[in-house]
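All remarks here apply to the structure that follows.
The values are calculated or read from the model by the stated rules, or taken from the named source; none is laboratory data. As the structure is a computational prediction, the values presented were derived from the model and not from experiment. As a convention, Cβ positions derive from the backbone with ideal geometry for all residues, glycine included, and neighbour counts pool all protein chains shown.
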């Protein structure tokens with residue numbers, strides 16, 4: 001068993017400390033390690049994510065999406081290791097928001113929390129549209145690609161999962177476990193059919209050397225766009241961290257779940273991309289954006305194939321919707337405890353331990369944002385592609401900031417042994433640098449549209465003036481500090 005050794009890193013006068021507002025408490029010891037892993041995987045939602053990302057990935061890179069997926073894994077695992085070590089140090093449902101506030105600066109922490117809430121709000125839009133599309137594919141195929149119809153039906157799913165969450169986190173965990181078994185079984189079954197089609201020459205696009213690299217005159221731009229989409233595909237594994245206050249052995253299990261989720265996703269996304277992407281040509285993928293997997297399934301298993309995979313994507317999307325609201329509500333709860341979010345976010349049901357007030361609020365915000373997006377210009381394919389790119393930028397920013405916080409928090413013990421140096425310093429730092437370079441390259445090469453940059457960077461920049469407004473008009477103690485609170489660095493024997 002690891003034993004912590006605490007090292008004080010502050011001056012004798014640590015400055016004002018975080019003042020917590022009184023409120024309810026989340027229900028402790030409700031989730032196991034396997035529950036946390038399932039939640040992390042459900043938040044990344046391979047079936048739903050591939051429904052959105054596969055057409056975008058093929059359009060961006062041709063059929064060379066495997067390389068961005070593999071390259072994005074390396075920094076993403078470094079970020080997960082940073083999360084793991086920070087969670088050992090401090091278990092808070094606020095996760096990145098809390099850690100950055102304590103180790104770097106409260107204003108940066110608030111910006112991180114704001115960006116993550118934005119991520120889940122925007123991400124919910126990317127989930128509810130496929131939920132509506134796949135529901136319509138089952139009951140009214142003729143309007144499956146109609147954006148307004150998909151938005152309306154997806155909004156109904158949003159309402160349903162929000163109210164399901166009010167029954168408690170244990171119910172949600174059991175629901176997620178059952179869905180995971182069914183989802184992965186069907187995805188792997190169709191992966192086998194896809195590989196068989198590739199080997200027999202019945203796929204629209206045969207396997208070539210270009211599948212494992214990038215070719216053509218726009219290699220740099222293609223690679224950057226593909227990396228951003230791959231980051232979006234991985235993102236969500238940190239949902240295992242936001243339920244740390246409700247997980248058994250909360251010092252270690254959430255971190256283990258985060259790292260395990262990233263490794264599992266590398267295998268799952270590589271297999272699905274390889275086996276599915278060549279079944280349709282590029283035009284076919286673009287024309288079926290939002291229900292691409294259903295069309296692929298129909299090619300692989302005519303008749304009931306489309307129906308079966310549509311059900312899987314629908315259920316996976318519903319599961320992902322639920323976890324997104326779980327994560328955003330826990331983050332909102334933690335921020336409300338520091339008085340940087342409305343006080344009613346702290347209300348917790350005494351029996352279920354559910355933060356029901358913030359859960360309802362985040363579900364409502366998701367619906368409002370979904371309606372606004374629905375009236376935007378462009379079709380379903382363009383909208384989903386823009387959402388994927390925007391989420392890739394946003395996730396890159398808050399993941400990188402968390403890794404910086406992890407390195408800074410561990411700075412006193414990085415050179416005590418090789419394990420601390422590699423796992424606590426080098427790998428998280430390389431992860432942060434890599435993600436920031438990718439965002440910079442996306443701007444310089446114009447790998448994404450101005451709309452994506454505005455959603456990813458412009459909306460994030462609004463966080464600082466909001467923080468200043470809360471500081472000067474709300475008189476919030478957390479933001480009235482000139483430096484971080486007293487902290488301790490925890491040395492974990494590897």
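Residue pairs, Cβ under 6 Å, 6 or more apart or interchain, first in the stretch 148-169 and touching a residue at least 40 places away in the same chain (Cβ under 8 Å), second surrounded by fewer than 22 Cβ atoms within 10 Å (Cβ to Cβ) and in a loop (DSSP other than H, G, I, E, B). List them. From residues that are touching a residue at least 40 places away in the same chain (Cβ under 8 Å), the pairs are 168/352; 169/30.
For the stretch 409-419, a residue qualifies if it is surrounded by fewer than 21 Cβ atoms within 10 Å (Cβ to Cβ), modelled with pLDDT of 90 or more and part of a helix (DSSP H, G or I), and exactly one does: 418. Scanning the stretch 24-72 for residues that are under 27 Å from residue 434 (Cβ atoms) and not in a helix (DSSP H, G or I) returns 45, 62, 63, 64, 65. Condition check for residue 250 on (1) at pLDDT below 90; (2) outside any helix (DSSP H, G or I): one failure, at (1).
When the stretch 225-261 is limited to residues that are surrounded by fewer than 24 Cβ atoms within 10 Å (Cβ to Cβ) and in contact with a helix residue (DSSP H, G or I) (Cβ under 7 Å, 6 or more places away or on another chain), the one that is farthest from residue 47 (Cα to Cα) turns out to be 251. Residue under question is residue 180, and the condition is that it be under 21 Å from the mean Cα position of the chain (by Cα) and surrounded by fewer than 22 Cβ atoms within 10 Å (Cβ to Cβ); does it hold? Spelling it out, residue 180 is indeed under 21 Å from the mean Cα position of the chain (by Cα) and surrounded by fewer than 22 Cβ atoms within 10 Å (Cβ to Cβ). Residue 374 passes every criterion in (1) buried (at least 24 other Cβ atoms within 10 Å of the Cβ); (2) within 20 Å of residue 159 (Cα to Cα); (3) modelled with pLDDT under 85 apart from (1).
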